[in-house]
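The structure appears below as structure tokens.
The values are calculated or read from the model by the stated rules, or taken from the named source; none is laboratory data. Here the structure is a predicted model, which is why all the values come from computation and not from measurement. All Cβ positions, glycine included, derive from the backbone under ideal geometry; neighbour counts span all protein chains shown. Accessible surface areas use protein heavy atoms only, side chains included; no ligands, DNA or RNA. Shrake-Rupley method; radii C 1.70, N 1.55, O 1.52, S 1.80 Å.
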Amino acid sequence: MNHPFAFAIRLLRCFAVGCFCALAAGTTIAKQPNIVLVIADDQGYGDLACHGNPVIQTPHLDQLASESSTLSDYHVAPTCSPTRAALITGHWTNRTGVWHTINGRSMLRRDETTLATMLQDAGYITGMFGKWHLGDNYPYRPEDRGFETVFRHGGGGVGQTPDAWDNAYFDGHYFHNGELEAAEGFCTDVFFDQADRFIESHAKEDRPFFAYISTNAPHGPLHCPEHYLAMYSKQPSRLAAFYGMITNIDDRVGSTRALLQRLGIKDQTIFIFTTDNGTATGARLFNAGMRGQKGSEFDGGHRVPFMLHWPNGGMATSHADDTLCHAVDVVPTLLDLCDVAPPSDVEFDGVSIKSLLMLDRQVEIDVDRMLITDSQRVRDPVKWRKSSVMSGKWRLINGEQLYHVGHDPGQQNDIAEQNSDRVARMRAFYESWWQELEPTFSKTTEIVLGHPEHQSVLLTAHDWIQDTMPPWNQAHIRKAETAKQRRTAPRSHDGHWAIVAHRTGNYRFTLRRYPAESNMAINAEMPPGKNVPGADAAFRTTPGRAIEASTAVLRIDGRVVGQREVTADATSIEMDAALTQGSHELSPIFKCSDGDLGVFYCTVEWLPESTIQ
């Protein structure tokens, strides 16, 4: 738990660091390494040539691996937001409130301290580029969590519901320090270009920098530049696009490393490459002998690459370690490598694995430590759901099946009956872990309304809390459907946004079916947009179907607090209502001829006026 006075403590720490730098002419801070952390999306352990893939071309990552300390038994969560939460905090994903990628369960709780904040407090310049997926509103955005420079898409991917309307993977609009900005080119290239500018602009400063480069590729929809598709023309179209996206990432890793070399800072920079879960597409061709892929509790769902290169730290030659590790170990390890003291009020779930990364190991890691990963793609966590308790090479799956991946990497032979004592110990560890975390599950992460730093808030259907999947991409918005509910009559909407009013007062709610930038009427059809190169259709190619909404209804805490007619040409409906300070459930709807349709986009603004019209 974070101390209530953590912010003040951080300010004092920054002041002390600044004073010391002035006295010591910057010598201490200047010796701290820069950090470049690259994390790809949906690329698995087997999606690299250096790991045995017979088709994919990844020469730059192969070279990086040959010059790095690597972990061959490094694990993450089976899906993206949970991994990013663990990676950026050093805490179990379920502890942070991030156990899903949608449903309001992908926002990093306010009381979590990120690696960016810790490094910033120690004098680092911080920037993030690409995929955040830990919250799109204050105080969950990267600019609220320790990053000074931010260039990102919305939600969990380009073209998802919180992203700029009609974004596809080419020539999109992205949030640059909170403001939408147009960019030319393929998304991965755009994010690396921005990161390279950040690196170059801060390379010669006395303060070190932290560049977090988080690609949305090779996550679907599967799009990439034509010349990368051509490289894999003999493969099925989806695999060709998937591998093409990875080779594009590989090229950009190579160009960024070359930039560090040209700037003369390669030796003093920690360069990390990793990914966020098992392969989403590549298992059909090569999966390094593992069972499962993205979303799976088996190793193929969560064992991923990890490479760390740092010449000044003695990590510039091929050195592989097969000790079991987890994403929760990354924050304590980087703080250890950079000689940054962790906040006194933060206790990590992970440990520093610095010794594993060094050629001359001085400190042993407990090889019998137990680690847990699970896939909780549900509204609220379910005990034992898609879980793996790991200890050395042992894997207890869903509390029942036991495998030894050293002898059985494909996890085909359940040996639980022959090892009942080990099963009991591993089950006991999980029971203790669950008992500790379960009380935190009810601490719903709420979107803050009426805060002075963010007085106008855009809520999107991506963050509806409901038992079924919400409309998480813009194709769903165009079809006026949720991810699970199809056009059945009558419709119903039981989802809501979990909100918290920062202050008691009057608020204006603007209800939309399409986002404001589309300028489309609530009831209108929308023509399909242009496709982009790749194996999949862009979300924007889905035609926007007409709906027959007659009334907009504002519901707060289960009560109707306002209604307005929806006219034929209305693009939005405004209603004002009072909120008391504290937690509420917001669930506006459009009354349609076939039932109730949840409002996909809702802007909420604080009104300083004392009256409500």
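Some points to look at:
- Multiplying the residue separation of His407 and Asp339 by 0.36 nm and subtracting their alpha-carbon distance yields 20.6 nm.
- Viscosity 1.002 mPa s, temperature 20 °C, Stokes-Einstein D of segment 213-337 from Kirkwood C-alpha radius, µm²/s: 130
- q = 0.13, 0.15, 0.18, 0.20 Å⁻¹, segment 505-613: log10 I(q)/I(0) [Debye, one scatterer per Cα]: -0.55, -0.69, -0.90, -1.03
- Label-zone membership for segment 568-600, site Arg503, 7 angstrom Cα→C-beta point, backbone N under 14 Å: 579-582
- Cross-link partners of Lys31 among lysines, defined as those whose alpha carbon lies under 16 angstrom from its own and excluding same-chain residues fewer than eight positions apart: Lys204, Lys266.
- Square roots of five times the Cα gyration tensor eigenvalues for segment 389-480, Å: 42, 20, 11
- Residue-level accessible surface for Lys591, protein heavy atoms, 1.4 Å, Å²: 80
- For segment 479-560, carbon and sulfur atoms together expose 48% of the accessible surface, with a 1.4 angstrom probe and every protein chain in place.
- Rg ratio (alpha-carbon, reference 2.2 N^0.38 Å) - segment 184-234: 1.52
- A cut-off of 5 Å between modelled amide H atoms, ignoring neighbours fewer than 5 places along the same chain, links Gly544 with Met526.
- Cα centroid of segment 434-458 to Cα centroid of segment 389-432, whole Å: 35
- Accessible area per residue, Å², segment 402-547 with all protein chains present, probe 1.4 Å: 45
- Leading residue at positive end of dipole, the chain (Cβ point charges), from Ser550, Thr117, Leu260: Ser550
- Rounded to the nearest whole Hz, the Karplus-based 3J(HN,Hα) values (6.51 cos²θ - 1.76 cosθ + 1.60, θ = phi - 60°) of segment 474-480 follow the sequence 6, 5, 5, 4, 5, 7, 6, with x at glycine and proline.
- Karplus 3J(HN,Hα) series, Hz, for segment 265-278 with 6.51 cos²θ - 1.76 cosθ + 1.60 (x for Gly, Pro): 10, 4, 5, 9, 10, 6, 10, 10, 10, 8, 9, 9, 5, x
- Karplus-derived HN-Hα couplings along segment 166-177 (A = 6.51, B = -1.76, C = 1.60, θ = phi - 60°), whole Hz, x at Gly and Pro: 6, 5, 10, 7, 10, 6, x, 10, 9, 7, 9, 6
- Our helix-only sum for the chain, with -39,500 (n - 2.57) per DSSP H run of n ≥ 4 divided by its residues, gives a mean residue ellipticity at 222 nm of -6500 deg cm²/dmol.
- Built amide H within the under 5 Å cut-off of Phe209, gap 5+: Asn34, Ile35, Ile125
- Average accessible surface area per residue within segment 265-400, 1.4 Å rolling probe, Å²: 35
- Degrees, to the nearest 10: 6-23 long Cα axis against longest axis of the chain: 50
- Acute angle (nearest 10 degrees) that the helix 80-89 long axis makes with the longest principal axis of the chain, alpha-carbon atoms: 60
- Taking amide H positions as modeled 1.01 Å from N, with prolines and chain starts lacking one, the residues under 5 Å from Val599 and 5 or more places away or on another chain are Ile589, Phe590.
- Over 28 Å between alpha carbons, listed pairs Lys354/Lys383; Lys131/Lys386; Lys131/Lys530; Lys383/Lys443; Lys234/Lys386; Lys131/Lys294: Lys354/Lys383; Lys234/Lys386
- Annotation: the chain has a Kirkwood hydrodynamic radius of 25.1 angstrom, from the mean reciprocal C-alpha pair distance.
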